[in-house]
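So the structure is just underneath, and the comments pick up after that.
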Amino acid sequence: MKSVVICGSQSFKTEIEKFAKRLRKLGVPVVFEPNFERQRKKMLKKKEKDRLLSESYRTRVPGMVFAHLNRIAKSNVCFLYNKGGYSGNNTTLELGFAQGKDLIIYALEPEKPPEQGGEICRDILITEIINTPEELMKRLV
C-alpha cells in the first residue's frame, strides 16, 4: 500500500486530522499530515494575510513548511485537503514540490474558478477529485 501526505490550510486543521485518522482506521499504514500543533487556536481561525501580521507566526512558518516538504519527499501520493476549493500560498508551494517529486495529487474538491480566486496552475496538478477517505484508500492499494 502507498503512503499518503495530506496538504492543506491551517484553517482546516480539525478536518485534516479527522480525515487522516479515518485513513489510518481504514488500514493506510503511513499517513503524513501537516503539523499545526505549534499554532494557537485563535491564530488558526485567522486568514493567512492576518496571520502574517504576527512576527512569531512569520518566524515559525518557514520551519513548518520545510518540515512538511520533508514529509512530502517521503510519500507516494499527495492529497490536497482544499475545502471549498481553497488552497493558500504554503499549500501551493507544497503542491509544486509534490509535482516535482512526480507524486499523484488527489484533491477533496475542484479548484475555485479564477474569478473567485482559484488558480488554474494548481488545477492542472490535480489528477482526480476524491471526497472521502474510503475513496482515497481504494487508490492507495
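Table for the structure above
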item	result
Residue within segment 90-103 that is closer than 14 Å to SER9 by Cβ, of a type in the set (Ser, Thr, Tyr), assigned to a loop (DSSP other than H, G, I, E, B) and touching an Asp or Glu at 6+ places or on another chain (Cβ under 8 Å) present	no
Subset of segment 123-138 [crowded, with 18+ Cβ neighbours inside 10 Å and free of Cβ contacts under 8 Å to residues at least 40 places away in the same chain]	LEU125
Looking only at segment 83-122, and only at residues there that are among the aromatic types (Phe, Trp, Tyr) and modelled with pLDDT of 95 or more, the one that is surrounded by the most Cβ atoms within 10 Å (Cβ to Cβ)	TYR106
Unique match (being part of a helix (DSSP H, G or I), in contact with a helix residue (DSSP H, G or I) (Cβ under 7 Å, 6 or more places away or on another chain) and without any contact (Cβ under 8 Å) to a residue 40 or more places away in the chain) among LYS112, LYS13, LYS18	LYS13
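The values are calculated or read from the model by the stated rules, or taken from the named source; none is laboratory data. On a predicted model such as this, the values are computed, not experimentally measured, just so you know. All Cβ positions, glycine included, derive from the backbone under ideal geometry; neighbour counts span all protein chains shown.
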